[in-house]
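Trainee: Got a structure here, written out as structure tokens. Questions coming.
The values are calculated or read from the model by the stated rules, or taken from the named source; none is laboratory data. Since this is a predicted model, take the numbers as computed values, not measurements. Neighbour counts run over all protein chains shown; Cβ positions are idealised from the backbone, glycine included.
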Amino acid sequence: MIDNNKPYLFRFVLASASPRRRGLLEDAGYSFEVDPALIVEPEPEEGFDPVEYTARTAWLKARSVAARRPNDPILAADTVCAVDAKILGKPVDRADAERMIRLQEGRDLEVLTGLCLYRGIDNVWIGCVETSVVRFARLTEREREAFLDTGRWRGKAGAYGVQDRDPFVSVVSGSFTNVVGLPMERVADLFVEFAESLTATNRLNRVSRRPDGAL
């Protein structure tokens, strides 16, 4: 049930298996359960807009869980790194992680997280994309190999995690938690907007438009 006075406190489902996202929400005091979206994330095509890609992927994740849990609000997220408008997702192996790290070294790059809140029974969804800027230092061969040996690149967009406090990565603009995988400042706003959307939808007895094909 949604408390309109405190919409950010209603219980929801997190459509992600990420322990980092779960930890951020738990630390902030949210009430939720975890039910990961079991989808194959689309491969980013050459020249694909990172904002459009991450927004759509978050929507696909939320929709997939909402299909089996139509009464529950579903929160989904997708985080990617972008270098020269090229999307970097999670590395598939060590060689891929090294390729990503070399591409980012000595540069400022964008980290984008698409968010989507969705409730199937009402056909209501809202979403947004948050962007932060990360500075990646240039590494020596020894430093790069030492980092790859740690395995901390596994399961992380761009092959690194700013929460690991590695000295070669720093957030220079935007939300720190966005780089971790969930922009907590924007999440709070999104819950308020979502509650307002549900209230308006129920009052007018109509459904909102869902995207067909792309956001």
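Trainee: Among Leu148, Leu198, Leu182, Leu204, which is modelled with pLDDT under 90 and either in contact with an Asp or Glu (Cβ under 7 Å, 6 or more places away or on another chain) or within 22 Å of Leu109 (Cα to Cα) (or both)?
Mentor: Result of the check over Leu148, Leu198, Leu182, Leu204: Leu198.
Trainee: Would you check if Glu98 is over 23 Å from Leu117 (Cβ atoms), more than 12 Å from the chain's Cα centre (by Cα) and in a helix (DSSP H, G or I)?
Mentor: yes
Trainee: Across segment 48-93, which residue is surrounded by the fewest Cβ atoms within 10 Å (Cβ to Cβ) among those that are under 11 Å from the mean Cα position of the chain (by Cα), β-branched (Val, Ile, Thr) and not in a strand (DSSP E or B)?
Mentor: If we take residues in segment 48-93 being under 11 Å from the mean Cα position of the chain (by Cα), β-branched (Val, Ile, Thr) and not in a strand (DSSP E or B), then Thr57 is surrounded by the fewest Cβ atoms within 10 Å (Cβ to Cβ).
Trainee: Ok, one more. Return a yes/no flag: does segment 103-111 have any residue that is aliphatic (A, V, I, L, M), modelled with pLDDT under 95, assigned to a helix (DSSP H, G or I) and more than 27 Å from Ala37 (Cα to Cα).
Mentor: Yes, the conditions are met somewhere in segment 103-111.
Trainee: Of all residues in segment 149-165, which are free of Cβ contacts under 8 Å to residues at least 60 places away in the same chain, buried (at least 17 other Cβ atoms within 10 Å of the Cβ) and not aromatic (Phe, Trp, Tyr)?
Mentor: The one that is free of Cβ contacts under 8 Å to residues at least 60 places away in the same chain, buried (at least 17 other Cβ atoms within 10 Å of the Cβ) and not aromatic (Phe, Trp, Tyr): Val162.
Here's the yes/no breakdown for (1) touching a Gly at 6+ places or on another chain (Cβ under 9 Å); (2) of a type outside the set (D, E, K, R); (3) at positive phi; (4) at pLDDT 95 or above:
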residue: Ser64; (1), (2), (3), (4): no, yes, no, yes
residue: Arg69; (1), (2), (3), (4): yes, no, no, yes
residue: Ala76; (1), (2), (3), (4): yes, yes, no, yes
residue: Val83; (1), (2), (3), (4): yes, yes, no, no
residue: Gly89; (1), (2), (3), (4): yes, yes, no, no
